[in-house]
1. Condition first: part of a strand (DSSP E or B) and either aliphatic (A, V, I, L, M) or in contact with a Cys (Cβ under 8 Å, 6 or more places away or on another chain) (or both). Now tell me which residues in the range 147-174 satisfy that.
2. If only one of Lys260, Lys189, Lys193, Lys243 is closer than 23 Å to Ile26 by Cβ, at pLDDT 95 or above and of a type in the set (D, E, K, R), which one is it?
3. For His87, state whether it is surrounded by fewer than 23 Cβ atoms within 10 Å (Cβ to Cβ), assigned to a helix (DSSP H, G or I), in contact (Cβ under 8 Å) with a residue 12 or more places away in the chain and touching a Leu at 6+ places or on another chain (Cβ under 9 Å).
4. What pairs come up if the first residue lies in the range 127-144 and is closer than 10 Å to Asp39 by Cα, the second is among the aliphatic types (A, V, I, L, M) and surrounded by 13 or more Cβ atoms within 10 Å (Cβ to Cβ), and their beta carbons are under 6 Å apart, counting only those six or more places apart or on different chains?
5. Considering every residue within the range 64-79, establish whether at least one is surrounded by fewer than 24 Cβ atoms within 10 Å (Cβ to Cβ), modelled with pLDDT under 95 and part of a loop (DSSP other than H, G, I, E, B).
6. Is it the case, given these coordinates, that Asp164 is farther than 24 Å from Thr106 by Cα and in contact (Cβ under 8 Å) with a residue 60 or more places away in the chain?
7. So in the range 102-146, with the set limited to residues that are outside any loop (DSSP other than H, G, I, E, B) and among the acidic types (Asp, Glu), which one is nearest to Ala158 (Cα to Cα)?
8. All but one of (1) β-branched (Val, Ile, Thr); (2) in a helix (DSSP H, G or I); (3) touching a residue at least 40 places away in the same chain (Cβ under 8 Å) hold for Ile266; which doesn't?
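The values are calculated or read from the model by the stated rules, or taken from the named source; none is laboratory data. In this text, all values refer to a predicted model and were calculated from it rather than measured experimentally. Every residue, glycine as well, gets a Cβ built from its backbone with ideal geometry; the counts of neighbours run over all protein chains shown.
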Amino acid sequence: MLAARKRAETANITVEALRESVRALIGSGGNIAVLTGRDGKVIIDSGYATSRARITDALAKMDPGPIKHLVNTHWHFDHTDGNEWMHSDGATIFAHENTRKHLSTTTRVEGWDFAFPPSPAGAISAEVVDKEKRLYLNSTTIALSYYGPSHTDGDISAHFVEADVLHTGDTWWNGLYPFIDYSTGGHIKGMIKAAEANLARVTDKTIVIPGHGKIAGKPELAEYRDMLVTIHDRVAALKKEGKSLEEAIAAKPTAAYDSKWANSFITGDVFTKLVYAGA
């Protein structure tokens, strides 16, 4: 975790203009969305704290207005590490109650073999998103929706309605096998359900910001959903046959997908292990 924060100090932050007043910042942990306007900046996810200088520079170039609202799609540090400084700059933080809970206490992620200490008080959300919440800022409706347990137990999406730009948080990893955090309520079946919810929510014109990977749209969402379902079904069949985890990994159920989806963080074998835990 320290290495990831160290890398973020020098990571390039690129700005991608999407539609109307919505942009994306790419390069510090999870993908960040920004809405600008007279009500101040609305930010979706805060990236790594060590990227503060570069994020601040990128934000200043697009609009001089202050950060007024910050939404956390879930609690993981690559999406919330910058919470404290954004709050100190004036942001009111919105998140699901479970995100608030995990940031408020020592939280261990077994998959990372790491325990995160409680976050500073300023990093904790003041506003709680239950199932649905709608904000109206900068002449834009921002619809926040809770997925239910999927990547974690606190995942929410943010839809900029008029611009039709959807930020899915880590319920979608475009071109990457996803991490599933069983330690804090994540589940492969919930990830599939969230993928289905994302597909049902978008049209062919919707711009979709994944938690990780390139910004894309409905075809890529569908490909991701199909990958999750196919690998889940293969691993579930192996498990039903009585195969141990080691035997399931040895059967290489992800082999046909590894060239596109495997990465240094989540290999095919690691993803098989994650799916096996919930199959």
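1. Passing the criteria: Ile156, Ala158, Val165, Leu166.
2. Lys260
3. Working: surrounded by fewer than 23 Cβ atoms within 10 Å (Cβ to Cβ): yes; assigned to a helix (DSSP H, G or I): yes; in contact (Cβ under 8 Å) with a residue 12 or more places away in the chain: yes; touching a Leu at 6+ places or on another chain (Cβ under 9 Å): yes.
Against the criterion (surrounded by fewer than 23 Cβ atoms within 10 Å (Cβ to Cβ), assigned to a helix (DSSP H, G or I), in contact (Cβ under 8 Å) with a residue 12 or more places away in the chain and touching a Leu at 6+ places or on another chain (Cβ under 9 Å)), His87 qualifies.
4. Leu137/Val42; Asn138/Leu35
5. Taking every residue of the range 64-79 in turn, at least one turns out to be surrounded by fewer than 24 Cβ atoms within 10 Å (Cβ to Cβ), modelled with pLDDT under 95 and part of a loop (DSSP other than H, G, I, E, B).
6. On the way: farther than 24 Å from Thr106 by Cα: yes; in contact (Cβ under 8 Å) with a residue 60 or more places away in the chain: yes.
Criteria met by Asp164.
7. Ranking the candidates gives Glu132 first.
8. (2)
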